[in-house]
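The values are calculated or read from the model by the stated rules, or taken from the named source; none is laboratory data. Worth saying up front: this structure is predicted, and the values here are computed from it rather than measured. Here the Cβ positions follow ideal geometry from the backbone for every residue, glycine too, while neighbour counts run over all protein chains shown.
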Amino acid sequence: MEYLPEFTLHRPTTIEDALAHADEGGRYLAGGTDLLVNTRRGIERPGAMVDLALVGELGGIEDTDKGGLRLGAGVRLEDIAGDARLGARYPAVAEAAAAVAGPTHRRAGTLGGNLCLDTRCLYYNQSEWWRSSNDFCLKHQGTVCHVAPKGSRCFAAYSGDVAPALLVSGAEVEIAGAEGRRRAPLGELWRDDGLDHLTLASGDLVVAVHLPAPIADLASGYEKARVRGSIDFPLAGVALSLALDDGVIHHLALALTGVNPSPRLVTGTEALIGNRLDDEAILALRDLARTQARPMRTTTIKPWYRRRVVGALTTRLARRLGA
């Protein structure tokens, strides 16, 4: 890696000041575990950074008057993993935050940063000299996707851990921008494009995530596979929320990460509502996950293996929660 280039650092204390500096071309900086690494690799070249550490509105985990929780985008992943309310009501979210990288990363990384994590690829997340020797790639400076050279689309994978857990929990995202504040279903934050995976307009800032009150008897969890037991991004990750009534499914949501250019809720799970959570239902859920996972050659691990891992994680998680 190279030294950081020179840039102007802004340290606003309000959302409004942060937005103003972003309008002037600044990049938002929270924990920096993604942005600073990419800057040292020459992937990002910001002339200015907007440090969000002093913006108080971005902090805190607060109960809402409707029985849910508001998670500020600046909350550290370490705090999400250790929050008793999340552990009791939304265990998938706590488990996902605890699964991110290593302890030092979780102490620095934030919720908003993890949600807005750049997509990753073996041919992209490299040093400047490595990428230049390979004629760069479609995602940055080049014209060809080395994963799918005959096409014109980027297949870099989204690898955030917390997103799928929030998706199966029915979360909404709060965004501030030039047009004011807005809330939307969390899934609308991403598009299925490795080159341009966020739907945020220039200068938009993720302010908070809102979790609804959990339904009765809800169980949830998160499982991931990675090369090493810490530090690594997921080769595949699965979040599941499940509610049973005497062994019969009356709520089911499944989401994936690490195997597509965006995190995604698996479709078709509604067909299993009203069925017993038996081996047949679990295998049907496994097949839905496998079918909708689209891993490409973005890591050193073969795509076919990652697709099978998605199925295995889904099966294991369904049996754990069903028990």
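In table form, for the structure just shown:
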quantity: Count of segment 219-253 residues which are more than 19 Å from A323 (Cα to Cα) and assigned to a loop (DSSP other than H, G, I, E, B); calculated: 10
quantity: Selection count where residues are of a type in the set (G, A, S) and surrounded by fewer than 18 Cβ atoms within 10 Å (Cβ to Cβ), scope segment 15-46; calculated: 3
quantity: Unmet criterion (only one of (1) of a type in the set (D, E, K, R); (2) on the phi > 0 side of the Ramachandran plot; (3) touching a helix residue (DSSP H, G or I) at 6+ places or on another chain (Cβ under 8 Å)) for D246; calculated: (3)
quantity: Residues of segment 80-130 satisfying the condition of being β-branched (V, I, T), over 19 Å from A171 (Cβ atoms) and in contact with a strand residue (DSSP E or B) (Cβ under 7 Å, 6 or more places away or on another chain); calculated: T119
quantity: Residue tally, condition under 15 Å from R11 (Cβ atoms) and of a type in the set (G, A, S), over segment 32-58; calculated: 4
quantity: Positions within segment 89-102 being part of a helix (DSSP H, G or I) and either in contact with a Pro (Cβ under 9 Å, 6 or more places away or on another chain) or at pLDDT below 95 (or both), in sequence order; calculated: R89, A92, A96
quantity: From the options L189, L200, L166, residue that is over 20 Å from V50 (Cβ atoms) and at pLDDT 95 or above; calculated: L166
quantity: Matching residues, segment 269-311, being of a type in the set (A, V, I, L, M, F, W, C), touching a residue at least 24 places away in the same chain (Cβ under 8 Å) and surrounded by 15 or more Cβ atoms within 10 Å (Cβ to Cβ); calculated: L277, A281, I282, L285, L288, A289, A293, M296, I301, V309, V310
quantity: Elements of type strands (runs of 3 or more DSSP E) in segment 1-74, at least 1 residues being in contact (Cβ under 8 Å) with a residue 60 or more places away in the chain; calculated: 27-29, 69-72
quantity: Tally of residues being crowded, with 21+ Cβ neighbours inside 10 Å and within 22 Å of R319 (Cβ to Cβ) across segment 227-238; calculated: 5
quantity: Matching residues in segment 254-285 - criterion: being part of a strand (DSSP E or B) and of a type outside the set (V, I, T); calculated: L254, A255, L256, R264, L265, R276
quantity: Flag if R153 is outside the structural domain of T33 (by TED's automatic domain parsing) and under 17 Å from R70 (Cα atoms); calculated: no
